[in-house]
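The values are calculated or read from the model by the stated rules, or taken from the named source; none is laboratory data. Note that the structure is a prediction, hence the values are computed from the model and not measured. Because the Cβ atoms are built from the backbone with ideal geometry, glycine has one as well, and the counts that use them run over all protein chains shown. To get the accessible areas, we keep the full protein, side chains included, count just its heavy atoms, and leave off ligands, DNA and RNA. Shrake-Rupley method; radii C 1.70, N 1.55, O 1.52, S 1.80 Å.
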Amino acid sequence: MNGPSRRLFLQLGGLAAVAAACAPRRPADTGTFTPLRRRWREVTLGYPGTLDPEREPYRTRLARLGAEAARHRDAMAPGRRSLWPDLPFPSLDATPARLRAMARAYALPGTGLTAEPGLGTAIAEGIEHYVRHVYAADAEQTGNWWDWQIGTPRALLDTAVLAAPHVTDTQVSALCAAVDAFVPESRLDDYEGNSTGANRVDLCTVTLLRAIAGGDTDRAALAASALSPVFPYVTEGDGFHRDGSFIQHGSVPYQGGYGAVLLTGLATLFAVLRGTPWEITDPAARTVLDAVDGAFAPFVHDGACMDLVRGRGVGRQSYGDHRRGREIAAAVLLLAETAPDAERARWRAMVKGWAVRDTARPMLRTAEGSDLAFHARLSAVLDDATVPAAAEPTGRRLFPMSARAVHRRPGWCAAVSMASSRVAHYEHGNGENLRGWHTGSGMLYWWARGLGDHYSDAFWPTVDPYRLPGTTVSTLLLPDGAGGAWGDTRPPAEWVGGATDGVFATVGQHLFGLESTLEAFKSWFFLDDAVVCLGAGITCRDGVPVETVVDNRRTGARLTVATGWAHLDGHGGYVVPAGQPLRTLREDRTAAGVTRAYATLWLDHGVDPDAAAYVYHLMPGAGPAETAARAADPGWASVLANTSAQQGIEVPSLGVTAVNFWAGGRAGGGVGGLTASDPCAVLVRDLGDGTATVTVADPRCALDGLTVTWDRPVAAVTRGHPLLDRAETGARLTLTFAGTAGHEGASCTVTVRLGAAAA
């Protein structure tokens, strides 16, 4: 900083600034904090360790970072209202971000400004100026609490740590005093409110940086110990659930938002603190390792994080799902560095597979412009011939605690988002996602080969929010931000979830419309090459039409409609049995200056329907001939029941019978040879080798006991389940389960040998 800008800084700062500039430097720290600062730089910047500044693309990127830092340094003009003329105070994000960019150019090699004294002095003076005029210990916290307690202090402290040789004791003391005012040690006393989950990890990160900057061993210990409440599984509210759900804001599934932030923060803290007196040794931290495979990987498809776990962030920017996927991948690779060998090998292969398959936004190329440390780690994995690229997995995962389900088959993937008494219809807040009203009304996402960017490219701003694919909705006009903010949109529904044997699944939702009289029962049967969709009991008194949206694809591809079926080129097919007039619409929709083409297919239930119903099949990736053939074979999937008491199908070729019993006992009745004493989900699969599996689940998490009967001769139970209390075989099978209420809606599978028992 030279000339008039320098003189103005001293004039405005007065004697305090002069005293700070002349204060003695801190004595060399040969103890704990010098290596900890070095480790922070190595983990967060990738140097030294993974990033080679002499190789491309790092050489060019580092030179570009240096040029950017030089521009920021030369443009600094400290005044009472700004540090840079184009960033008027408070600029709680932009000003600290520029200072941090300068600090990174100072700390990294190859920038042309590495350890450059003039840059270091400018950074230190910038921190001092900002702490005096904006982030002062006596400043009033205004606006979003997050900026004052997480965003701004983390950026300023990171800057101070990276440029430590040029930040004086006086400047550090002023910064630490300001941080202590907004993030006192007592902030971590209680695990509640906005000090849970990802927020708690962020607050611990700020506390650790405060400890490193100020050489405070007590705060370093607090940063590590205060993480412990994050690790244990929870049974309600924020945190990790045993089924793989991750919840933030009390009712919002959030692996692709706060969850990614939490995973990144923990991976960073684990790596930075490794080998120090504050290394994370809590045995419960194993939950984080398990979450990689159980909570995050199921929602990453070909490198993109599915929108159904991204909360209010879905509409922030195009390709935000791919950006979040990269963040998760980066966190997984970093976490792998401190994980056991088995996890390290599996995760590196998994991330390599994501990167190889993400052709919509190639992961390595995109990381080059956003995160050089991740780019270096990913590049090493991609170049390592001993690391295989793991294939996209197949199988089903149900997440009853977050009302989500994911189904993967070779060549395609589908997922459904629902709402329940535990899980919000949608989240809005800070002016974001104001029209996400119906994302919890059974939105059915699906991807076939080559369609990895379907929901990425301006889908959310341009799609009709009343016609989200898979949903059943009242067309009653809703105001922006209908329902309470921050996920306060939970319906009274308790039966939301389903059962899976790991290959196929039955999923159901007792639907209550958002700010509507709509009520319906929706079921999805996830099979080998199709999803069979049923709806029943569709009743509404809003005085407007009610619709079920078969699909709404962002495409201009040719749509073919024939009797009993429809096909969308390059996407897939739809079988719609006779008696259900399929309505279609081709339109261009414009929002935020962009226009996208849509093909919409829906079923109109009319105004104020009373117990309306529907049946259709979705066939992702199918061609027109396959779709037409399936439509000509109505016996492929027989609908056994489709009422507000039960919904069920039978697919003989797959040996599958699946029923969602909305009511049990006499009210539920028998369906396909199955009866249930209470509301539940049942999936039976004849394996074709003389054995079968019977899978049950209690989506309401309400039953002390459940009895399911299958009217089929069974010789013996060959594999039970911990909750199986009693089994009766013979001419029919009767299974009695105990304690499903405490099993959080998880599936219980029993294997049997078919045939009459020996005399």
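Only one of 264, 235 is in contact with an Asp or Glu (Cβ under 8 Å, 6 or more places away or on another chain) and at pLDDT below 95. Can you tell me which? Explain how you work it out, then say what you get.
Working: 264 fails: at pLDDT below 95.
After ruling out the rest, the residue left standing is 235.
Somewhere in the range 383-395, is a residue under 19 Å from residue 618 (Cα atoms) and either in contact (Cβ under 8 Å) with a residue 24 or more places away in the chain or in a helix (DSSP H, G or I) (or both)? Among the residues of the range 383-395, at least one is under 19 Å from residue 618 (Cα atoms) and either in contact (Cβ under 8 Å) with a residue 24 or more places away in the chain or in a helix (DSSP H, G or I) (or both), which makes the answer yes. Scanning the range 57-76 for residues that are over 24 Å from residue 327 (Cβ atoms) and either without any contact (Cβ under 8 Å) to a residue 24 or more places away in the chain or not small (Gly, Ala, Ser) (or both) returns 59, 71, 72, 73, 74, 75, 76. Screening 625, 702, 663, 612 for residues that are closer than 30 Å to residue 474 by Cβ and without any contact (Cβ under 8 Å) to a residue 24 or more places away in the chain leaves exactly one candidate, 663. Output the residue which, of all residues in the range 182-194 that are in contact with a helix residue (DSSP H, G or I) (Cβ under 6 Å, 6 or more places away or on another chain) and in a loop (DSSP other than H, G, I, E, B), is surrounded by the most Cβ atoms within 10 Å (Cβ to Cβ). Per the stated criteria, the residue is 183.
Scanning the range 147-177 for residues that are open to solvent by 40 Å² or more (accessible area, probe 1.4 Å) and either without any contact (Cβ under 8 Å) to a residue 12 or more places away in the chain or over 26 Å from the mean Cα position of the chain (by Cα) (or both) yields a count of 6.
Hey, any hits in the range 489-496 for a residue that's under 23 Å from residue 254 (Cα atoms) and of a type in the set (Val, Ile, Thr)? Looking for residues that are under 23 Å from residue 254 (Cα atoms) and of a type in the set (Val, Ile, Thr), one finds at least one in the range 489-496, hence yes.
Determine, yes or no, whether residue 429 is surrounded by fewer than 22 Cβ atoms within 10 Å (Cβ to Cβ) and within 27 Å of residue 443 (Cα to Cα). Working first, answer last.
Values: surrounded by fewer than 22 Cβ atoms within 10 Å (Cβ to Cβ): yes; within 27 Å of residue 443 (Cα to Cα): yes.
Answer is yes for this residue.
If I filter the range 347-361 down to residues being more than 14 Å from residue 331 (Cα to Cα) and of a type in the set (D, E, K, R), which single residue comes out as most open to solvent (accessible area, probe 1.4 Å)? Only one residue fits best here, namely 361.
Just one of the listed residues (693, 729) is closer than 27 Å to residue 243 by Cβ and polar (S, T, N, Q), and it is 693.
Do we have residue 130 as in a loop (DSSP other than H, G, I, E, B), over 22 Å from residue 267 (Cβ atoms) and of a type in the set (Ser, Thr, Tyr) here? Taking the combined requirement at face value, the residue does not satisfy it. Does residue 670 qualify as being open to solvent by 50 Å² or more (accessible area, probe 1.4 Å) and either more than 29 Å from residue 467 (Cβ to Cβ) or in contact with a Leu (Cβ under 9 Å, 6 or more places away or on another chain) (or both)? Answer is yes for this residue.
Of all residue pairs spaced 6 or more apart or on separate chains, those with beta-carbon atoms under 7 Å, a first member in the range 713-736 that is over 21 Å from residue 747 (Cβ atoms) and a second member that is modelled with pLDDT of 95 or more and of a type in the set (Lys, Arg) are 715/753; 716/753; 732/712. Examine the range 67-77 for a residue that is part of a loop (DSSP other than H, G, I, E, B) and modelled with pLDDT under 95, and state whether such a residue exists. Checked against the condition, which is being part of a loop (DSSP other than H, G, I, E, B) and modelled with pLDDT under 95, the range 67-77 yields no hits at all. Listed by position, the helices (runs of 4 or more DSSP H) enclosed by the range 313-380 that each have at least 2 residues that are of a type in the set (Gly, Ala, Ser) and touching a residue at least 40 places away in the same chain (Cβ under 8 Å) are 320-336, 341-357.
Figure legend. Inter-residue proximity from the range 562-586: first residues farther than 28 Å from residue 452 by Cα and open to solvent by 40 Å² or more (accessible area, probe 1.4 Å), second residues at pLDDT below 95 and not in a strand (DSSP E or B), beta-carbon distance below 7 Å, spacing 6+ or different chains. Indicated pairs: 577/634.
Can you tell me which residue among 630, 685 is surrounded by fewer than 23 Cβ atoms within 10 Å (Cβ to Cβ) and closer than 24 Å to residue 743 by Cβ? Please lay out each step first, then the result.
Working: 630 fails: closer than 24 Å to residue 743 by Cβ.
Sole residue among the options that is surrounded by fewer than 23 Cβ atoms within 10 Å (Cβ to Cβ) and closer than 24 Å to residue 743 by Cβ: 685.
Scan the range 692-713 for residues that are touching a Lys or Arg at 6+ places or on another chain (Cβ under 7 Å) and open to solvent by less than 30 Å² (accessible area, probe 1.4 Å) and the total you get is 4. Only a single criterion out of (1) surrounded by 21 or more Cβ atoms within 10 Å (Cβ to Cβ); (2) farther than 27 Å from residue 273 by Cα is not satisfied by residue 364, namely (1). You will find that of 284, 267, 223, 211, the residue that is outside any loop (DSSP other than H, G, I, E, B), open to solvent by 10 Å² or more (accessible area, probe 1.4 Å) and small (Gly, Ala, Ser) is 284 and no other. Against the condition open to solvent by 10 Å² or more (accessible area, probe 1.4 Å) and in a strand (DSSP E or B), how does residue 521 come out, does it pass? Judged against the criteria, residue 521 is a match. Residue 717 meets each of the listed conditions (1) surrounded by 20 or more Cβ atoms within 10 Å (Cβ to Cβ); (2) of a type in the set (A, V, I, L, M, F, W, C); (3) part of a strand (DSSP E or B) apart from (1). Of the strands (runs of 3 or more DSSP E) that lie entirely inside the range 585-665, those containing 3 or more residues that are modelled with pLDDT of 95 or more and within 29 Å of the chain's Cα centre (by Cα) span 594-607, 612-620. The number of residues in the range 432-453 being within 28 Å of residue 363 (Cα to Cα) and surrounded by fewer than 20 Cβ atoms within 10 Å (Cβ to Cβ) comes to 4.
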